[in-house]
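Asker: Next up is a structure, given as structure tokens.
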Amino acid sequence: MIIAIDGPAGSGKSTVAKIVAGKLHFRYIDTGSMYRAVAWKSLLKNVDLSDEETVAEIARNVKIDLVPEEGGQSVFVDGENATNQLKQETISRAAAVVAAQPMIRKIMTKKQRELGNREDVVMDGRDIGTVVFPNAEKKFFLDAEPKERGRRRFDELKTKNQEADVDLVTIVEQVKQRDHEDRTRKIAPLRQADDAISIDTTHLDISQVVDQIMKEIGRVLHR
Ligand code: DC
């Protein structure tokens, strides 16, 4: 069974997807971290990100392991735990660049389908319900106002590092910029699937979103 959860950055999808996967005893697959892993590996190798052939070669060969752990997930890239590095803003920017390249998307989509065909999964990303698994049993599209999504990202950075040199206005602008890139790219843009259930999380807390999703999944499970 495939549960697809798509949405923009800061919509709450990864937090919610992790909890839903835990409740269902499904595997959680964070596809954003797969694009981040390719970006990180490319930067480590000093590859020009616009050199699609070389980045594709990296995408083809990189080994990405998503390892579930208490309260989250670790990402191992070619055996190295890169969880923290992958969350950095430079990698966010680089991931958006590689995610817009057709060759990279083709390779990552194939890897994601292999993962989903192996076991029951909750998969989150931008194109899971539209491209990767258009026949997913249940699809959700989470969204929230950009200001609120920026605030969440800001709080997350501050929680991790009190001294972090970040300001809310800049973060909101970064969120809007990334949305624009994700929604306007030619291939697999961020878009709600016609049959996805849309949830605006602006004024909801995590448990309310989880409850709503579990209720919908319950309908499929008990059919
Ligand atoms: O969800 P995230 O911020 O970790 O995603 C990182 C980047 O990868 C972001 O620019 C969107 C892109 N992405 C994508 O294009 N398709 C996916 N299925 C997942 C992420």
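Asker: So how much slack lies between residue 177 and residue 161, counting 0.36 nm per residue of separation and subtracting their Cα-Cα distance, in nm?
Answerer: Working it through step by step, the gained length comes to 3.4 nm.
Asker: Still on this model: Using a simple charge model, +1 on the beta-carbon of Lys and Arg, -1 on the beta-carbon of Asp and Glu, nothing else, what dipole does the stretch 48-180 show about its Cα centre, in debye to the nearest 20?
Answerer: 440
Asker: Let me ask something additional. Name the residue, out of 75, 166, 175, whose mean-square fluctuation peaks in a Gaussian network model built on the chain with Cα pairs under 10 Å.
Answerer: 166
Asker: Let me ask another. Suppose every Lys and Arg Cβ carries +1 and every Asp and Glu Cβ carries -1, with no other charges. What dipole size does the stretch 171-221 come out with about its Cα centre, to the nearest 20 debye?
Answerer: 220
Asker: Please give the length that would be gained between residue 48 and residue 202 if that part of the chain were fully extended, namely 0.36 nm times their separation in residues minus their C-alpha to C-alpha distance (nm, one decimal).
Answerer: 51.7 nm
Asker: Return the whole-Å distance between the Cα centroid of the stretch 142-173 and the Cα centroid of the stretch 193-223.
Answerer: Each part reduced to its Cα centre gives a spacing of 24 Å.
Asker: Explain nothing, just compute: Karplus ³J(HN,Hα) = 6.51 cos²θ - 1.76 cosθ + 1.60, θ = phi - 60°, for every residue of the stretch 17-30 in order, whole Hz, x for Gly and Pro.
Answerer: 4, 4, 5, 4, 4, x, 5, 8, 6, 9, 7, 9, 10, 9
Asker: Taking the C-alpha atoms of the stretch 151-194, how large are the radius of gyration and the largest Cα-Cα span, Dmax, in Å?
Answerer: 13.7, 43
Asker: Follow-up question, since we're still on this one. Non-local amide H neighbours of residue 74 (under 5 Å, H modeled in plane, Pro and chain starts lacking H): which ones?
Answerer: 67, 69
Asker: For the stretch 186-202, what does the Karplus curve 6.51 cos²θ - 1.76 cosθ + 1.60, with θ = phi - 60°, yield as ³J(HN,Hα) per residue in whole Hz, taken in order and with x for Gly and Pro?
Answerer: 5, 9, 6, x, 5, 7, 6, 5, 4, 9, 8, 8, 9, 10, 8, 9, 3
Asker: Something else: First obtain the Kirkwood hydrodynamic radius of the chain from its Cα pairs, then insert it into the Stokes-Einstein equation at 10 °C and 1.306 mPa s, and state the resulting D in µm² per second as a whole number.
Answerer: For these conditions, the coefficient is 90 µm²/s.
Asker: Let me ask another. What is the extension gain from residue 168 to residue 84, computed as 0.36 nm multiplied by their sequence separation minus the C-alpha to C-alpha distance, in nm to one decimal?
Answerer: That pair, residue 168 and residue 84, stretches by 28.1 nm at full extension.
We did not get these values from a lab; they are worked out from the coordinates using the rules stated. Model, not experiment: these values are computed from the prediction. Cβ coordinates were reconstructed from backbone atoms using ideal geometry, including for glycine residues, and neighbour counts include every protein chain displayed.
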